[in-house]
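Structure first, then comments.
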Amino acid sequence: MSEKDFSGQVAMVTGAGSGLGQSAAVLLAQRGARVLIADIDDAGGQATVALCQTAGGEALFIHTDVTIEADVAAAVARAISQWGSLDLAINNAGTTGPTKPTADYTLEEWNKVVALNLNSVFLGLKYQIPPMVAQGKGAIVNTSSGAGLMGFAGLPAYVSTKHAVLGLTKAAALEYIKSGVRVNAVCPGSTRTPMLEGWMGGNPAIEAAMANSAPIGRLAEPNEIAEAMVWLLSDAASFMVGHALAVDGGAVIM
Ligand SMILES: NC(=O)c1ccc[n+]([C@@H]2O[C@H](COP(=O)([O-])OP(=O)(O)OC[C@H]3O[C@@H](n4cnc5c(N)ncnc54)[C@H](O)[C@@H]3O)[C@@H](O)[C@H]2O)c1
């Protein structure tokens, strides 16, 4: 890919105040896109804007709770009013939810994970797709997980919602490909982000187990996943449609 593959394009990245979303936003900005940073964390979002600017790019933060329809609609509208179009999107905000078996989940805990991991992707697609269809071109990547491809005990809501993100990706991909809009998903393996660090709780035994859960024998760095997200958005991936791209150090083939 050339350094400025996304020149003239406008991107929206949710959950871009940290981790994978932040890395992807910075890569997009470095490669010429103007990037709308949508996150509930104002400090994290502003930090990402600064990183994009340091990388020589242009970015703007808008406080967005991706579980709230009006917030998602406003974020899309802001990208278009600021820069004139929306060409690229990464629906990435998410959480693991509590770690415990299915029968121990409360309905409230379950619904919170569904809202953040699945409804948010639906809302993103609902508002991002129409302007892309209107201009006859667009590309969207949804963040699923290795937990979208395999089962993991103790994370029932996470596993369910990440599988569902792949179903939604495939349905939307089929619906809009003739309109020039490609929808794909990434399925990251265990990646060293604040979310995973929090989940591992600083326990070296848990970190070693996570590292060894993939044949590669280590955690991913956020940039290794972000590169795949950004490639799926690029014209280099023009024949990729409805795909669930595992970027996981070989975990899914074990
Ligand atoms: N880190 C991993 O090992 C891993 C593996 C597979 C999939 N993923 C997925 O990657 C995505 C990003 O995870 P991460 O590891 O970078 O986590 P992270 O916690 O570092 O980043 C998540 C971001 O989402 C934001 N966010 C949370 N709730 C929000 C809301 N309601 N509205 C808007 N933004 C909100 C947070 O403020 C944060 O900036 C998630 O969907 C996660 O499930 C992560």
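Quick note: the coordinates plus some simple rules give every number you see, no bench work behind them. Being a predicted model, the structure only gives us computed values, none of them experimental. For neighbour counting, all protein chains shown are included, and Cβ atoms are generated from backbone atoms with ideal geometry for every residue, glycine included.
Could you give me the ³J(HN,Hα) list for the stretch 185-193, computed from phi with Karplus coefficients 6.51, -1.76, 1.60 and θ = phi - 60°, whole Hz, x at Gly and Pro?
Running phi through 6.51 cos²θ - 1.76 cosθ + 1.60 with θ = phi - 60° gives 9, 10, 10, x, x, 5, 10, 6, 10 Hz.
Quick one: check the C-alpha center-to-center distance for the stretch 1-62 versus the stretch 84-100, whole angstrom.
14 Å
What is the chain's relative contact order, in percent, from Cα pairs under 8 angstrom and six or more apart in sequence?
19 percent
Highest mean first, how do 102-114, 46-58 rank when packing is the count of other Cβ atoms within 10 Å averaged over residues?
46-58, 102-114
Collect residues whose amide H, placed 1.01 Å from N in the peptide plane, falls under 5 Å from the amide H of Asn142; neighbours closer than 5 in sequence don't count.
Asn91, Asn184, Ala185, Val186
Dimensions of the chain along principal axes (Cα, Å, largest first)?
48, 36, 35
What residue among Ala25, Ala89, Ala228 has the largest mean-square fluctuation in a Gaussian network model of the chain, using Cα springs under 10 Å?
Between Ala25, Ala89, Ala228, it is Ala228 that shows the largest mean-square fluctuation.
For the stretch 90-103, just list the computed ³J(HN,Hα) in residue order, Karplus coefficients 6.51, -1.76 and 1.60, θ = phi - 60°, integers in Hz, with x standing in for Gly and Pro.
With coefficients 6.51, -1.76 and 1.60, one gets 10, 8, 10, 4, x, 8, 6, x, x, 9, 6, x, 3, 5 Hz.
To make sure I understand the rule: partners must be lysines, Cα under 22 Å from the Cα of Lys112, and not fewer than 8 residues away in the same chain. Which ones qualify?
Filter leaves Lys100, Lys126, Lys162.
Would you mind putting 230-241, 28-39 in packing order, based on average other-beta-carbon counts within 10 Å, highest first?
28-39, 230-241
Give the aspartates and glutamates whose C-alpha is closer than 20 Å to that of Lys178, dropping any in the same chain fewer than 8 places away, or say none.
Once the sequence-local aspartates and glutamates are set aside, what remains near Lys178 is Asp87, Asp235.
Just to be sure I understand the model, the point goes 7 Å from the Cα along the line to the Cβ. What's the resulting Gln53 to Thr106 distance in nm?
Going by the 7 Å Cα→Cβ label model, 4.2 nm.
Taking only the alpha carbons of the stretch 14-81, what extent do you get along each of the three principal axes, in Å, biggest first?
That gives 31, 24, 16 Å along the principal axes, largest extent first.
From the phi of every residue in the stretch 114-125, what ³J(HN,Hα) in whole Hz does the Karplus formula 6.51 cos²θ - 1.76 cosθ + 1.60 yield, where θ is phi - 60° and glycine or proline is x?
Result, rounded to whole Hz: 4, 4, 7, 8, 10, 4, 4, 5, 4, 5, x, 4.
Separation of the stretch 106-145 and the stretch 175-246 by C-alpha centroid, Å?
Answer, in whole Å: 17.
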